[in-house]
1. Tell me the angle of helix 102-113 to the major Cα principal axis of the chain, expressed in degrees between 0 and 90 and rounded to the nearest ten.
2. From the list (i) 16.7, 54; (ii) 18.3, 64; (iii) 18.9, 56, can you say which value of Rg and Dmax of the Cα atoms in Å was derived from the structure given?
3. Return one number: the angle in degrees, 0 to 90 and rounded to the nearest 10, between the long axis of the Cα atoms of helix 38-48 and the longest principal axis of the Cα atoms of the chain.
4. With all protein chains present, how much of the accessible area of the chain (probe radius 1.4 Å) comes from carbon and sulfur, to the nearest whole percent?
5. Could you check the spin-label model distance between A184 and H99? Points 7 Å from the Cα along Cα→Cβ, value in nm.
6. Under unit Cβ charges (Lys, Arg +1; Asp, Glu -1), what dipole magnitude, rounded to 20 debye, does the chain have relative to its Cα centre?
7. Give me the number: length gained by fully extending F32 to A45, i.e. 0.36 nm times residue separation minus the C-alpha to C-alpha distance, one decimal in nm.
8. Once amide H atoms are built 1.01 Å from N in the peptide plane, which residues 5 or more positions from D37, or in another chain, come under 5 Å H to H?
Amino acid sequence: WKKTQTQGVIINAGGIVAYYPTKVPLHRQAQFLNGMDLFGDLSRAAHEDGLAVFARMDSNRAHEEFYTAHPDWFAIDANGKPYKAADLFITCINSPYYHSHLPAVMREIATLYKPEGFTDNSWSGLGRDSICYCENCQRSFKTKTGREIPKQKNWEDQTYRDWIRWNYDRRLEIWDLNNKTTKAAGGEHCTWSG
């Protein structure tokens, strides 16, 4: 009999890389795992000890081969250059990366491993000081407001303030989609907690 005050654990699962043998296209397995199911092994051990498992995602960046396959899924600056964090490309919150790819990853994890929930290290895309000018953003903002995306950060500009509101609304949509996805695949209590 083990006594502990620990009730659950957060275990790296997927996003930038998979810590399990994934079948989702372009969701590459973490280097050096060589097919090993690290997330699965740790999840099973935690569940055997009566611990809740939250699958940790890290989902707003991807490697170059992903960018090359889907450049339109990534955030770009006013000069048409992709935003990067070190050697990783930053994904756009208005692209299929968020409404198709990530839900497929979460469904796969929830179906295979039945975690009690999901959390994410970096799900919300670019900060408000960086404006994305990709076609997905341009089209969505124009549809919502009838205007072009602002050229720069300027709190005095109504278009910039509308852009901020539009961004917050999109993140709420992502939050709802992720919860809907994890609950549909993992059960009504399998929450996505951001």
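The values are calculated or read from the model by the stated rules, or taken from the named source; none is laboratory data. Everything numeric in this text was worked out from a predicted model, so none of it was measured. So basically every Cβ, Gly included, is an ideal-geometry build from the backbone, and we count neighbours across all protein chains shown. Side chains are part of the model used for accessible areas, which takes the heavy atoms of the whole protein and leaves out ligands, DNA and RNA. Shrake-Rupley method; radii C 1.70, N 1.55, O 1.52, S 1.80 Å.
1. It is inclined by approximately 10 degrees.
2. Only one option fits the structure, namely (ii).
3. That helix lies at roughly 50 degrees to the long axis.
4. On the way: 5360 of 10670 Å².
Exposed carbon and sulfur together represent 50 percent of the surface.
5. In this crude spin-label approximation the distance works out to 1.3 nm.
6. 300 debye
7. Values: separation 13, 0.36 × 13 = 4.68 nm, distance 2.11 nm.
Taking 0.36 nm per residue and subtracting the Cα distance, the gain is 2.6 nm.
8. none
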